[in-house]
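The values are calculated or read from the model by the stated rules, or taken from the named source; none is laboratory data. These numbers come from a predicted model, not from an experiment. Cβ coordinates were reconstructed from backbone atoms using ideal geometry, including for glycine residues, and neighbour counts include every protein chain displayed.
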Amino acid sequence: MAEETGLILPLGRYVLDTACRQVRSIRDRLDVDLPISVNLSPRQFQENGLLPQVAAALDATGLPSELLIFEITETVVMEDLSGAREVMKKLNRLGVRLAIDDFGTGHSSLAYLKQFPVHEVKVDRTFVQGVAESPVDSAIVRAIIDLANAMGISAVAEGVETKDQAAELKMLGCQVGQGFYFSRPLRAEEFDKLLTRHFARTAGPTGPVLINKGANTSDITAVSSVRACPTDASTLPA
């Protein structure tokens, strides 16, 4: 409804501004750079004022642009290839990173991955859910991971919910996953407490943040980045 009525535009601006302020606050207090992802709806992506809004949010907060990741779906890209290419190139010039969400479920095209400044692909949960049981799902996920690696971009597994899924993804070479296996969604203040309590160290501007996740997640021991739902993304260490 927000998309249809246009309310998504002021809502999207609020989300963008809040996300940038939150990550800048974490950076200032804990001396660590954590990237955060913000989902862009089709209407936001097509809005003429998107680029000025992004630039203003980065300027107002002083957040390094490489810490902001915009997630867009395949459908948005494929609706207007030439228009999408120009918008993505302009966002890239601002230093913002771009991710293709739900990869493999829409109008997948290997051509746009080659043409567009994409920094990561997010493997849809449809394939991740069966990755530990289905040879077909496992093969699809492996193919996406191999493709991402060959192109020098990241592959993020969405919807990781079990230890078996995490273990299979790690075996397939996936370095980052997100889902309830790592944490349920947290409010900003809860996530802030989590970071403050468990922070250990960082390994550079976008390096891993080591967080002890306890005995029940013995093979998943680190959170590497903040996504749209902050504690969703975790490293699958080798």
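Tabulated data
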{"read-out": "Number of the condition not met by Ser82 [criteria: (1) at pLDDT 90 or above; (2) among the hydroxyl-bearing types (Ser, Thr, Tyr); (3) part of a helix (DSSP H, G or I)]", "value": "(1)"}
{"read-out": "Search result, residues across region 7-17 that are touching a helix residue (DSSP H, G or I) at 6+ places or on another chain (Cβ under 8 Å), of a type outside the set (Asp, Glu) and within 17 Å of Leu68 (Cβ to Cβ)", "value": "Gly12, Arg13, Leu16"}
{"read-out": "Selection from region 3-48 of residues that are among the aliphatic types (A, V, I, L, M), surrounded by fewer than 19 Cβ atoms within 10 Å (Cβ to Cβ) and within 22 Å of Met78 (Cα to Cα)", "value": "Leu9"}
{"read-out": "Lone qualifier among Leu30, Leu34, Leu58 - being over 26 Å from Thr105 (Cα atoms) and at pLDDT 90 or above", "value": "Leu58"}
{"read-out": "Yes/no for Thr126 being modelled with pLDDT under 90, closer than 24 Å to Phe180 by Cβ and hydroxyl-bearing (Ser, Thr, Tyr)", "value": "no"}
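Results for (1) in contact with an Asp or Glu (Cβ under 6 Å, 6 or more places away or on another chain); (2) among the β-branched types (Val, Ile, Thr); (3) assigned to a strand (DSSP E or B); (4) surrounded by 22 or more Cβ atoms within 10 Å (Cβ to Cβ), shown as yes or no for each residue.
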residue	(1), (2), (3), (4)
Val87	no, yes, no, yes
Asp102	yes, no, yes, no
Lys114	no, no, no, no
Val121	no, yes, yes, yes
Glu133	no, no, no, no
Gln165	no, no, no, yes
